[in-house]
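The values are calculated or read from the model by the stated rules, or taken from the named source; none is laboratory data. Keep in mind the model is a prediction, meaning the values are calculated, not measured. Positions of Cβ are backbone-derived with ideal geometry, glycine not excepted, and every protein chain shown enters the neighbour counts. Remember, those area values only see protein heavy atoms, side chains included, never the ligands or the DNA or RNA. Shrake-Rupley method; radii C 1.70, N 1.55, O 1.52, S 1.80 Å.
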Amino acid sequence: MNPFHLVKNFRIRYKLLFIYSFTFFVIMSLASLIIYSIVKRNVEKNIENELQNSTSAILNNVKTAVSVSIKNHLRATAEKNHEIIQHLYDLQAAGELSLGEAKKRAVDIILYQKIGITGYICLIDGTGRIIKHPKKSLEGLDISDHKFIQEMIAKKNGYIEYYWKNPDDQRERPKALYLSYFEPWDWMITVSSYRKEFSKLVNIDDFKKNILSLKFGKTGYSYIMDIKGNMIIHPELTGTNVFLGHNFSSRFFKKMMRKKNGKMIYPWKDPKDERFRKKLVLFNYIPEYEWIVASSSYLDEFFSPLNTIKNFIIIVGFASLILFIPISFILSSTITKPLRELMNRFNEDIIDGFSNRLVKMESHDEVGQLTFYYNSFMDKLETHNKALKAQISERKQAQNALQESKEKYRSVMEATPDPIVVYDMEGNVTYMNPAFTKVFGYTLEDSMGKKMDHFVPREHWKETMEGIGTILEGKVLPRTETQRTSRDGRLIDVTTRGSVYRDKDGNPLGSVIIHRDVTEFKRLEKAIIKTGEKERQKIGNNLHDDLCPHLIGIEGLSKVLKKKVEGHSREAGQLSDKITDLIKEATYKTRQLARGLCPVYFDHGLESSLQELVTNTRIMHRMECSLDCREKIPEGSTIMTINLYHIAQEAVQNAIRHGKADKIKITITIQENIFLLSVKDNGVGMDTSRQTDGMGLRIMNYRAKLIGASLLIDSNDTGTRVNLTLPLNALS
């Protein structure tokens, strides 16, 4: 819940008190948190630094003490064996021992000794070759390529630390060695041991006192323990195993063993303490001896100054909050008193106008300025009140006139018999007249504020978008024949006209589209075409079945007449031959005319008629013409077949007359329930003006629209293609 929402209805004095208190609380909290965090961080940092320095000092002290102890131990062993070999050499020099016997005794003594568990003494000659080794397999081996061997050859005597890996070891381990050189026999006496075993040679008393003398605060101390939990050095628990003790938890020590290095805070209670307290410990691991060196201290001993700071902040906060109450009330009264007088003025009844409601200004602060602005506002309000009354009167008159104009406009729209729909600039419906609902079934209630994309059939969408573009350019859309879908799914033939309508500034507001239902006109037009085609067929049949036989009979009589007049007059015979030729020509033309008037036979269909067209074209124009019918054409109505034939015939004639083509191909395919008729030629193309204004192309487009087909003509300098598409179900 928003706390400011609760106080928005409080009086100003309580709001000021709340705001001051809340602001002070936030500032004090942030400041206290920052101060507390900084002090705490510095204290922790100082504690950690002190403990870290102590731990590092102990670590160095232990390492130094251990290194000195080991070095002295190895040195003593090496020098002792040097003395033994020197003694045997002296006996050999005195003739008491042979050289071989002296060396054998020396080797036996050396190999008999061990340094710790795995330490040993080895003899190496001055070139780095092993003379004697506890492992016989290494004797005679040249190890001079090792860096520490090269250092031994160079030093001859002294202390060396290095890493070594025996053949059966998995990794190198740190090792220490003391070297003593016996020159007469060219022997380097090496006493070595792994550093991991050095802890057994360390004298704890050498540095125990120094470690126990370190103190942090009142109770902080340092200690050393091994990884098994044994306290090696501790102020009170030396010799105790913390993993086995029952007076304290070993969980934190086990965690310390896993981490090996770092810091940790854990609860701890010394035997003399009554409760557990948090303790900070910093620890480091000495892997050679498997020891943990740690320094620890209780946190509450170092954080005691923070409690004093916290108590001081709380006391100051409460004291300041108590002072805010009277200060807030005194300050708020200087604001609320003048405001209350202004509110009383606002609550008074307006009788004599706004100019008689002025307030006396008693100060020049913000409240006094508010009084000044109030008085100015009242003066302006009086002026605007009078002007507003006059504007209201004028606005009412304008609204009455506008309402009357709207009623006239609506009456004209609703009385218009043609369907009208009005769109806004986004294409959403804003109005449609009753005629639109009567013809198409869509109501204004269902379509208001919606698009009418479903109203346009898919095959007419392209031309519709072009028309919308024309309207949006500010032009008038001329009457266009198309189709629209009614609410019940019927396709209705219509003509459309449209234009954009504008506001008083000339900005476009939307478009007005007028539709005219031409279904009945189309039906009558089809009936006229059908009747005309029947008459055409009737005339063609009469010419073929009646006139042609008469002409053939006349031709026969002319031949008989020629035989009768040949003996009487040579001129009469010539005239008779001429009459016979004219009658033959008339018979041929009559048959061609009949074939042109009636090219489709009901018992053969479209494919047969187009094949006849192809044959006649090849014979009459002596050119290549072919028909590719890839699918079986469903039987269609006579009108549909006639119009498709004439469209193909007109396309062929245009290719010959205008395209100068010598190759024409007619193709019929059916794809996804779409009937496709294509006429392609290899001519020079069609003139754009002829394509636009030619009567033949107009008739082709007219016939295509009559049967509900789409006609597309693609023409360039390599030829022309006429494509006609028609729904397959429209053929029946």
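Condition test on A102, is it more than 15 Å from T190 (Cα to Cα), in contact with a helix residue (DSSP H, G or I) (Cβ under 6 Å, 6 or more places away or on another chain) and part of a helix (DSSP H, G or I)?
yes
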Legend entry - Residue satisfying all of: in the stretch 175-208; open to solvent by 60 Å² or more (accessible area, probe 1.4 Å) and modelled with pLDDT of 85 or more; farthest from the chain's Cα centre (by Cα) among these: P184
Legend entry - Residues of the stretch 463-507 that turn out to be exposed (fewer than 15 other Cβ atoms within 10 Å of the Cβ), of a type outside the set (S, T, Y) and farther than 19 Å from K705 by Cα, as a count: 15
Legend entry - Failed item, numbered, when C625 is tested on (1) hydrophobic (A, V, I, L, M, F, W, C); (2) modelled with pLDDT of 90 or more; (3) closer than 30 Å to K522 by Cα: (3)
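If I ask for residues that are part of a helix (DSSP H, G or I) and closer than 22 Å to D453 by Cβ, which ones from the stretch 404-437 would you list? Reasoning before the result, please.
Step one: filter the stretch 404-437 for residues part of a helix (DSSP H, G or I), giving 404-415, 434-437.
Across the stretch 404-437, the qualifying residues are A435, F436, T437.
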Inset, instruction - Go through (1) among the charged types (D, E, K, R); (2) assigned to a loop (DSSP other than H, G, I, E, B); (3) in contact with a Lys or Arg (Cβ under 6 Å, 6 or more places away or on another chain) and name the single condition D488 misses. - result: (3)
Inset, instruction - Out of the residues in the stretch 116-130 that are surrounded by fewer than 17 Cβ atoms within 10 Å (Cβ to Cβ) and among the small types (G, A, S), state the one that is farthest from Y194 (Cα to Cα). - result: G126
Inset, instruction - Being over 46 Å from the mean Cα position of the chain (by Cα), exposed (fewer than 12 other Cβ atoms within 10 Å of the Cβ) and either at pLDDT below 70 or assigned to a helix (DSSP H, G or I) (or both) narrows it down to one of N53, N61, N49, so name that one. - result: N49
Inset, instruction - Residue by residue through the stretch 561-590, note down the ones that are small (G, A, S) and either surrounded by 12 or more Cβ atoms within 10 Å (Cβ to Cβ) or within 22 Å of M620 (Cβ to Cβ) (or both). - result: A572, G573, S576, A586
Inset, instruction - Mind listing just one residue for me: the one in the stretch 451-460 that is part of a helix (DSSP H, G or I) and open to solvent by 90 Å² or more (accessible area, probe 1.4 Å) and, of those, nearest to L726 (Cα to Cα)? - result: E459
Legend entry - Answer residue from the stretch 140-174, given it is part of a strand (DSSP E or B) and under 15 Å from T77 (Cβ atoms) and is most open to solvent (accessible area, probe 1.4 Å) among those: Y159
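If you take the residues in the stretch 295-326 that are assigned to a helix (DSSP H, G or I) and small (G, A, S), which one is modelled with the lowest pLDDT?
The extreme case among them is S304.
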Inset, instruction - Could you please let me know if E445 is within 19 Å of D517 (Cα to Cα) and part of a helix (DSSP H, G or I)? - result: no
Legend entry - Residue list for the stretch 637-652, filter: small (G, A, S) and surrounded by 18 or more Cβ atoms within 10 Å (Cβ to Cβ): A648, A651
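Being among the small types (G, A, S) and open to solvent by 10 Å² or more (accessible area, probe 1.4 Å) is the filter here, so list the residues in the stretch 656-684 that pass it.
So the first thing to find is which residues in the stretch 656-684 are among the small types (G, A, S), and the list is 659, 661, 678, 683.
Passing the criteria: A661, S678.
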Inset, instruction - Quick one: which strands (runs of 3 or more DSSP E) lie wholly within the stretch 225-294 and hold at least 3 residues that are at pLDDT 80 or above and in contact with a helix residue (DSSP H, G or I) (Cβ under 8 Å, 6 or more places away or on another chain)? - result: 262-268, 277-286
